[in-house]
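No value in this document is a laboratory result; all are computed from the given coordinates. Here the structure is a predicted model, which means the values were calculated and not measured. Here the Cβ is made from the backbone with ideal geometry for all residues, glycine too, and neighbour counts use every protein chain on show.
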Amino acid sequence: MSRPAGQPHADPSPMWRHIAAFGDVLRAEWRRAADLELPTNREPDHLVIAATGGSAAAGDIVAGLAAATSEIPVCVVRGRQLPNFVGERSLVVAVSCSGNTAETLALYDDAWRRDASLLAITRGGRLGERCADDGIPVWAFTTDAPPRAAVAHILAPLLRILERLGLYVVTTPAVDAAGALCTSYAEALAPRIPADRNPVRAAAKALAGRVPLVLAGARLAPVAERARNQLAENAKTLAAAAILPEAAHNLVVGFDPLAARHWAIIALAAAGDPAAPYLDAVADLAADRGIPWQQLDIPGADPFEQVLAGLVAVDALSLHLAIARGVDPLPIPEIDAIRARLGGLPSAEIST
């Protein structure tokens, strides 16, 4: 039976609890990470975050933030092999929520062979055991959240690393302000808030029966990519993400009648974002071609607040779409199936 328009709906899983707690967890973990120590006093030539799946999302955020201020490269490496430039002058942070992610374990081994400085962020698992054997420092955390919902636990120590290295200015007042914003924003997007007062729920409603294309400028690029992955894992729907201005040079040519029948665009906008003129131009083109367009205006006084609030928005979007589609956000049988198939590989466990 369909639900009457505007009637609140309930979250059928614990996922909303993790989304709503993001701001509070970030503030708490930031304070706890004040004790984090780097593995070396030597200033590195590169900061490499070795992670994949849900554990890599926080790395994408810090790499994006640091790009505007860091004097050294900050990058996220997914897969099983580090770039050739990684060596003894590099700091590699191996991140795995479970501690059993095959790719991260392979990257840890690669960093060890290259004599890079190493630090791990994990709940334990084989990564924790290997660090204990090798004398590598570990920043440990505990949570019952699935890896894709444990971003705050990983983001806080990564922000502390940026602070320690002088790559990005992060202060406790700034974290507190951003955390408070995320908490209040999540309250406004909760499943109990009807669509006429909940823009994210309204956007999810507009996605019914369509493939989402999430569009954003470079400032919110990690958020757009997060949205694509969360829509897949939580809402069980294929999605795509594209970044402006690049998408204005190629992707827009595909705005044809077929796209109008099957796609819907979710545009992520924020005050002061240099991508705003591009979003306006692409919105007009989408309207001309009959492609549904939903714009989410992300709150925040600066890029730091906007990126974190954006995480709350897209996580909430994925949950609202899951509820609308009548699916449980937590199970990930396709990933489990791939994990089982690849179980014979060394250290094999696919990150979730």
### Task
Percent of Cα-Cα pairs per 10 Å bin, from 0 to the last occupied bin, for the chain, please list those.
5, 25, 33, 25, 10, 2, 0
### Task
Working from Cα positions, state the angle (0 to 90°, nearest 10) between the long axis of helix 221-233 and the longest principal axis of the chain.
80 degrees
### Query
About the Cα centre of region 221-352, what is the dipole size in debye to 20, counting +1 per Lys and Arg Cβ and -1 per Asp and Glu Cβ, all else neutral?
500 debye
#### Entry: C-alpha long axis of helix 102-113 to longest principal axis of the chain, angle in °
30 degrees
## Note on the structure
Semi-axes in Å, largest first, for region 184-325 (Cα gyration tensor, √(5λ)) are 21, 19, 13
### Message
Quick query: amide H of W263 versus all other amide H atoms, modeled in the peptide plane; which residues come in under 5 Å with a sequence gap of 5 or more or a different chain?
### Response
V211
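Based solely on its DSSP helices, what 222 nm [θ] is calculated for the chain when runs of n ≥ 4 H residues each add -39,500 (n - 2.57) and the sum is averaged over all residues, nearest 500 deg cm²/dmol? Let's see the in-between values first.
On the way: 13 runs with 154 residues, N = 352.
Calculated from helices alone, the mean residue ellipticity at 222 nm is -13500 deg cm²/dmol.
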### Summary
If every Lys and Arg gets +1 and every Asp and Glu gets -1 at its Cβ, then about the Cα centre region 15-173 yields a dipole, in debye to the nearest 20, of 340 debye
### Query
Whose amide H sits under 5 Å from the amide H of A241, counting only residues 5 or more places off or on another chain, with H placed in the peptide plane?
V214
### Query
How many nm is it between the label spots at T172 and D45, if each spot is 7 Å from the Cα in line with the beta carbon?
3.7 nm
### Query
Which distance in nm do the two modelled labels at R17 and D280 give, with both placed 7 Å along the Cα-to-Cβ direction?
4.5 nm
#### Entry: From phi via Karplus (6.51, -1.76, 1.60), per-residue ³J(HN,Hα) for region 238-247 in Hz, x at Gly/Pro
5, 9, 9, 9, 9, 10, 8, x, 3, 4
### Query
Using alpha-carbon positions, what is the distance between the centroids of region 296-334 and region 29-91, in Å?
24 Å
### Selection from G54, I19, G326, by position along the positive dipole direction of the chain (Cβ)
G326
### Query
How large is log10 I(q)/I(0) at q = 0.18 Å⁻¹ when the Debye formula is applied to the Cα atoms of region 180-240, each weighted equally and without solvent?
-0.76
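Suppose every K and R has +1 on its Cβ and every D and E has -1 on its Cβ; what is the size of the dipole of the chain about the Cα centre, in Debye to the nearest 20?
Numbers: 31 positive and 38 negative charges, 180 e Å.
Magnitude of the dipole: close to 860 debye.
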### Summary
Going residue by residue through region 279-289, the Karplus relation 6.51 cos²θ - 1.76 cosθ + 1.60 with θ = phi - 60° gives ³J(HN,Hα) values, rounded to whole Hz and with x marking Gly or Pro, of 4, 4, 5, 5, 4, 5, 5, 4, 4, 5, 9
### Query
Given the alpha-carbon gyration tensor of region 146-260, what are the semi-axes of its equivalent ellipsoid in whole angstrom, ordered largest first, with each equal to the square root of 5 times an eigenvalue?
30, 21, 13
### Task
Return the FRET efficiency for the residue pair V327, A188: r is the Cβ-Cβ distance, R0 is 41 Å, and the value is rounded to the nearest 0.05.
0.95
### Query
Simple spin-label model, 7 Å along Cα-to-Cβ: N84 to I72 in nm?
2.2 nm
### Query
Taking amide H positions as placed 1.01 Å from N in the peptide plane, with prolines and chain starts having none, which residues 5 or more places from A50, or on another chain, fall under 5 Å of its amide H?
V77, V93, A94, V95
### Query
Which FRET efficiency value, to the nearest 0.05, do you get for A301 and E246 by plugging their Cβ-Cβ distance into 1/(1 + (r/R0)^6) with R0 = 25 Å?
0.40
### Query
How large is ³J(HN,Hα) for each residue in region 50-63, as worked out from phi by the Karplus curve 6.51 cos²θ - 1.76 cosθ + 1.60 (θ = phi - 60°), to whole Hz, x for Gly and Pro?
9, 7, 8, x, x, 5, 7, 4, 5, x, 4, 5, 5, 5
### Summary
Given the candidates L215, I136, L82, the one whose Cα lies deepest towards the positive end of the charge dipole of the chain, counting +1 at each Lys or Arg C-beta and -1 at each Asp or Glu C-beta, is L215
### Task
Pick out, from A188, A235, A177, the residue whose Cα sits farthest towards the positive end of the charge dipole of region 163-292, with +1 on the Cβ of Lys and Arg and -1 on the Cβ of Asp and Glu.
A235
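Rounded, prolate or oblate for region 15-173? Axes are the square roots of the Cα gyration tensor eigenvalues, ordered a ≥ b ≥ c, and the cut-off for rounded is a/c under 1.5.
Numbers: a/c = 1.59, a/b = 1.18, b/c = 1.34.
Judged from the Cα gyration tensor, region 15-173 comes out oblate (a/c at least 1.5, b/c at or above a/b).
Name the longest site-free stretch of the chain, where the excluded sites are trypsin sites (Lys or Arg not before Pro) in a DSSP loop with no more than 13 other beta-carbon atoms within 10 Å.
Numbers: sites that count: R42, R192.
For trypsin sites (Lys or Arg not before Pro) (loop position, at most 13 other Cβ atoms within 10 Å), the longest site-free span of the chain is 193-352.
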